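Only one structure is covered here, and it is reproduced in the block below.
The values are calculated or read from the model by the stated rules, or taken from the named source; none is laboratory data. As the structure is a prediction and not an experimental result, all values here were calculated from the model. Every residue, glycine as well, gets a Cβ built from its backbone with ideal geometry; the counts of neighbours run over all protein chains shown.
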Amino acid sequence: MSRWIALIIIGALVVLGASGCILVVNDEHSAHGIHIDKDSSLLARSIAKELDDDDSLRYSDISVSEDDGIVILHGDVDSVDSLQYAIDVAARYAGVETVVSKLSVEVDLD
């Protein structure tokens, strides 16, 4: 229960700091690395490639999808800073109107 509260609090903090972006915190999991669906748009592939090449996200597990300028990031990151950074990377691409983050951060409350 406390993990959910922490995720909600983190989500609220990141939404306040993510100007022009929508953030949805969700507890979804996938395999390690950055994933690109073979049917993804060129925009989603470009964003995923940049995220994959970035050493600061080496412990992240992110997949990227895009539909009509709406980019959705799914997966797990290791910190709130990594979450915000992934959103910022996606948001700076031409053609991106909105970034929806379904990224989750595991927080140890002990």
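Condition check: at pLDDT below 95 and surrounded by 12 or more Cβ atoms within 10 Å (Cβ to Cβ). Does Ala48 satisfy that? Talk me through it step by step, then tell me what you get.
On the way: at pLDDT below 95: yes; surrounded by 12 or more Cβ atoms within 10 Å (Cβ to Cβ): yes.
Yes; evaluated as a whole, the condition is true for this residue.
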Being touching a helix residue (DSSP H, G or I) at 6+ places or on another chain (Cβ under 7 Å) and not in a helix (DSSP H, G or I) is the filter; apply it to the stretch 49-85 and report the residue that is nearest to Val96 (Cα to Cα).
Val71
